[in-house]
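The values are calculated or read from the model by the stated rules, or taken from the named source; none is laboratory data. What you see is a predicted model, and the numbers here were worked out from it, not measured in a lab. Backbone-built Cβ (ideal geometry, glycine too); neighbour counts: all protein chains shown. Quick note on the areas: whole protein, heavy atoms, side chains included, nothing else; ligands and nucleic acids left out. Shrake-Rupley method; radii C 1.70, N 1.55, O 1.52, S 1.80 Å.
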Amino acid sequence: MASSSLKHHKSHSLNGFTTPAKRTKLSFISDSEIQSEFSHHDQTIARINNGSFGSCPQSVISAQQNLQLQFLRQPDNFYFNTLKPSILHSRSLIKSLVNAHSVDEISLVDNATTAAAIVLQNCAWGFNEGRFSKGDVAVMLHYAYGAVKKSVQAYVTRAGGEVIEVHLPFPVASKEEIVSEFRKALARGKENGKKKVRLAVIDHVTSMPSVVIPVKELVKICREEGVDQVFVDAAHGIGCVDVDVRDIGADFYTSNLHKWFFCPPSVAFLYCRKRGEDGKGGDLHHPVVSHEYGNGLAVESAWIGTRDYSAQLVVPAVLEFFNRFEGGIEGIKKRNHEKVVEMGEMLVKAWGTNLGSPPEMCGSMIMVGLPACLGISNDLDTLKLRSHLREHFQVEVPIYFRAPVDGEVDSITGYARISHQVYNKVEDYYRFRDAVNQLVSDGFTCASLSN
């Protein structure tokens, strides 16, 4: 996790962005300093669920609080002289981190769900303005995030579009399984040549169950099959998996910065590929209309009325935190992946179960099969068991219900999604292991829990 020191400072980089060396000798952050940075966490809880809400170190919280006080102290000066250039600076840093062509392609919004609304609103306008025909198609993964699925329904379905879901297997054995099912869904979308696929919504890392999707391959297939536009929902992207938007090739790409990038909640970036000669890319707007309407999405998003913008301004402080670690953001990403795989394999060995995907198809989260004898039979059981683990064993971990396939007997129906972040210790996972072992030993089943 942490290293002692280097005699020669090596610059840290991500996708070509390099933080220049400022000193000849660098001492990396120590384990005790890491624990101090996250001492505001409830120390009684084994918090192995970074994926849901992320985490923010104390040094970044302090930077945010300083910005909040600057605004409260003299809001007019902050608005006219600090806010816009600071947001532009954050956008410039993100532009370099994700290898966008221009800073104009990067907007900061409050959440990946807001970014999805921006893209889907544009798609709905295509139907309402007659550019798309009624019944034209949007394709999305069956495991798309629930809020995004509802957004597709709210914008695309109401406007007259048809939605086709890509049904993915779980557990998943290889990326080829995902590619095959995606091709089938696109074929259904273009059935008899009467319809056109206007939008494909592809997760980079699905939430529940958590699987890293071969997004570059799926985008390439969309281009080959004539899909109008591709939107990659990567709520768990930056800081968790490699993100190079030009290499991925989608029209739109969004990622939260408060999940795996250490920003406070809540902030996300939305990449919109520069509009080409074909005219694709559309006239995107923030759904909250304010004084900057019509000045481009990035400018519109930078001011949507009086609110707390401090989470968008701390990106420089976040990068300073990353660079206290050996390897910077890349080093953290690599160690989180290796550690979550190690802990996942430890748990399935202890319980005699299996992982939900091969290690190469997970980032900093992995799905771990729970013993079938726990009797997880529906989504309500997963919530009850999660609460039971929190209240009686001080373990915080989300659980996924996987319905048994016809003919399966005593199959694994419950999978825990464990995360690893820099503050986690091996004891967190041992506590989870021992808690489940205790439940099994006691003959516990979810049926014993009240609603």
Exercise for the section: Tell me, please, whether a residue that is open to solvent by less than 10 Å² (accessible area, probe 1.4 Å), touching a residue at least 24 places away in the same chain (Cβ under 8 Å) and in contact with a Ser or Thr (Cβ under 8 Å, 6 or more places away or on another chain) can be found in the range 71-80. Expected result: no
Handout entry: Unmet requirement for T44, which otherwise passes all of (1) of a type in the set (V, I, T); (2) at pLDDT 95 or above; (3) more than 22 Å from I29 (Cβ to Cβ); (4) open to solvent by less than 50 Å² (accessible area, probe 1.4 Å)
Key = (4)
Completion exercise
Turns out the helices (runs of 4 or more DSSP H) fully within the range 230-329 with at least 1 residues that are small (G, A, S) and at negative phi are 297-302, 310-313, 315-322
Problem - Conditions (1) open to solvent by less than 50 Å² (accessible area, probe 1.4 Å); (2) at pLDDT below 90; (3) not hydroxyl-bearing (S, T, Y); number of the one not met by R198 - result: (2)
Practice task
Looking only at the range 127-171, count how many residues are more than 18 Å from the chain's Cα centre (by Cα), crowded, with 21+ Cβ neighbours inside 10 Å and small (G, A, S).
Solution key: 2
Practice task
Mind listing just one residue for me: the one in the range 319-337 that is under 26 Å from V109 (Cβ atoms) and under 17 Å from the mean Cα position of the chain (by Cα) and, of those, most open to solvent (accessible area, probe 1.4 Å)?
Solution key: E330
Handout entry: Pick from the range 240-276, criterion over 20 Å from S364 (Cα atoms) and among the basic types (K, R), ranking: surrounded by the fewest Cβ atoms within 10 Å (Cβ to Cβ)
Key = K274
Completion exercise
Being over 27 Å from K175 (Cα atoms) and not in a loop (DSSP other than H, G, I, E, B) narrows S377, S387 down to just S387
Handout entry: Qualifying residue in the range 89-98 (condition: open to solvent by 40 Å² or more (accessible area, probe 1.4 Å), without any contact (Cβ under 8 Å) to a residue 60 or more places away in the chain and under 30 Å from K425 (Cα atoms))
Key = no
Exercise for the section: Please work out which one of (1) surrounded by fewer than 16 Cβ atoms within 10 Å (Cβ to Cβ); (2) under 16 Å from S207 (Cα atoms) is the condition G414 fails and give its number. Expected result: (1)
Handout entry: Where H388 falls short, out of the listed (1) open to solvent by 70 Å² or more (accessible area, probe 1.4 Å); (2) over 26 Å from the mean Cα position of the chain (by Cα); (3) not aromatic (F, W, Y)
Key = (1)
Fill in the blank from the handout: Screening G305, G237, G281 for residues that are modelled with pLDDT under 95, open to solvent by less than 30 Å² (accessible area, probe 1.4 Å) and over 30 Å from I61 (Cα atoms) leaves only G281
Fill in the blank from the handout: Here the residues within the range 17-28 that are part of a strand (DSSP E or B), in contact with a Leu (Cβ under 8 Å, 6 or more places away or on another chain) and at pLDDT below 50 are F17, T19
